[in-house]
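This report refers to the structure that appears directly beneath it.
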Amino acid sequence: MNNQQKKRRVTQGDVAKKANVSQAMVSYVVNNNSSITIPDETRQRILDAMDELGYVPNITARRLRSSKTYTIAGIIPDITNPFYPAFERGIQDVVNQNNYDLIIYNTDGDAAMERKCLESMMQGRVDGIVGVFFHIRAMELINLIEQGLSVVRLEAMPKMPGSVPLDNIYIDNIAASRAAVEYLIGQGHTRIGMLTSKEGPARFREMGYREAMLAHQITIDPELTRIGEYSEDGGYQAMTQLLALSALPTAIFAANDLMAMGAMLAIREKKLAIPDDIAVMGFDDIPTAKLVYPSLSTVAQSQREMGRTAAKMLFERLEGTAPEHGRSQEMPFELIIRDST
């Protein structure tokens with residue numbers, strides 16, 4: 001096909017003519033400019049014209065004009081853990097509304113990989129980051145922020161907002177875990193095992209477990225705490241160790257749902273019944289939690305809404321409507337009781 005045969009690219013001028021508005025008005029809609037108030041009827045007329053004409057924004061030209069990349073990075077530790085795709089989906093909801101692109105970086109929760117991602121960000125590839133970091137601390141993000149990037153973190157515990165414009169969202173993992181273990185105690189369990197991990201929020205969830213046990217004057221048996229990977233196999237291996245004890249636990253609290261599901265497999269292989277012989281409580285409420293048998297009791301975090309909230313905070317930074325200081329936003333949790341307890 002020669003140049004004359006190629007279909008001419010639809011421009012903002014074409015859309016403006018079709019919608020009977022100025023080209024500037026079309027630009028405001030395309031760029032989602034929140035500083036300009038556009039009547040809903042006018043905005044819809046422009047959107048309809050864009051659809052009818054098949055208008056596609058020229059992202060390359062947009063970037064050249066503004067020196068922005070119009071790209072956001074989502075940095076997560078494990079894309080195979082169902083918690084994180086739901087979180088990223090929430091981010092994408094907001095990114096799409098703002099006509100940005102989203103790229104995902106998977107770090108495997110490894111310190112070197114987390115820092116490699118940040119080095120890539122320093123090369124000006126993105127305008128902002130929503131990140132889940134197991135090893136990177138706030139001081140290591142200051143260079144990025146000083147370079148003009150906006151950063152929002154998903155944190156394991158409350159963070160006091162400081163003078164640096166670094167934003168955080170979090171749930172209170174200690175309180176959530178304490179509530180989960182207190183439910184097990186309320187069911188009459190005193191010999192409660194804990195499946196934990198060395199990474200991420202597991203140490204705070206273990207703190208909640210210990211707080212609940214001590215508050216009810218239940219002796220904490222060190223043999224009942226086992227460390228594994230944040231995975232089904234990690235939970236299976238840790239549970240296998242507990243099942244080798246002479247005195248078995250009557251309930252298990254796992255640091256995440258994948259570990260809980262691995263524990264359930266190990267329990268079933270020993271021909272023990274859940275929850276009659278051993279009750280199991282997880283954390284995260286991933287989609288498969290209600291599909292396994294028996295369905296898994298767990299702590300829900302509303303991952304998609306967490307992603308949306310983080311992305312909204314990020315775009316407030318990008319648009320200049322956020323306060324100069326950092327912010328911390330607590331997200332809710334909910335105890336979900338199903339058949340496993």
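Evaluating A179 against the criteria (1) modelled with pLDDT of 95 or more; (2) of a type in the set (A, V, I, L, M, F, W, C); (3) outside the structural domain of A254 (by TED's automatic domain parsing) leaves one unmet condition, (3).
Yes/no matrix, rows are residues, columns are (1) in the same structural domain as G131 (by TED's automatic domain parsing); (2) in a loop (DSSP other than H, G, I, E, B); (3) at pLDDT 95 or above:
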residue	(1), (2), (3)
Q217	no, yes, yes
M239	no, no, yes
R317	yes, no, no
E324	yes, yes, no
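In the set A156, A180, only one residue is over 18 Å from the mean Cα position of the chain (by Cα), touching a residue at least 40 places away in the same chain (Cβ under 8 Å) and closer than 30 Å to I252 by Cβ; that residue is A180. Of all residues in the range 152-162, none satisfies being touching a strand residue (DSSP E or B) at 6+ places or on another chain (Cβ under 7 Å) and not assigned by TED's automatic domain parsing to the domain that holds E114. Using the structure shown, decide if E199 is in contact with a Phe, Trp or Tyr (Cβ under 6 Å, 6 or more places away or on another chain), surrounded by fewer than 22 Cβ atoms within 10 Å (Cβ to Cβ) and within 27 Å of L154 (Cα to Cα). Against the criterion (in contact with a Phe, Trp or Tyr (Cβ under 6 Å, 6 or more places away or on another chain), surrounded by fewer than 22 Cβ atoms within 10 Å (Cβ to Cβ) and within 27 Å of L154 (Cα to Cα)), E199 qualifies. Applying the condition of being hydroxyl-bearing (S, T, Y) and either in the same structural domain as V30 (by TED's automatic domain parsing) or under 28 Å from G13 (Cα atoms) (or both) to the range 52-99 and asking which residue is modelled with the highest pLDDT yields T71. Within the range 267-287, the set of residues being modelled with pLDDT of 95 or more, surrounded by fewer than 22 Cβ atoms within 10 Å (Cβ to Cβ) and in a helix (DSSP H, G or I) comprises R268, E269. The test for being surrounded by fewer than 22 Cβ atoms within 10 Å (Cβ to Cβ) and either charged (D, E, K, R) or touching a Cys at 6+ places or on another chain (Cβ under 8 Å) (or both) does not hold for R205.
The values are calculated or read from the model by the stated rules, or taken from the named source; none is laboratory data. Predicted model only: the values in this text are computed from it and were never measured. Note that each Cβ is placed from the backbone with ideal geometry, even for glycine, and that neighbours are counted across all protein chains shown.
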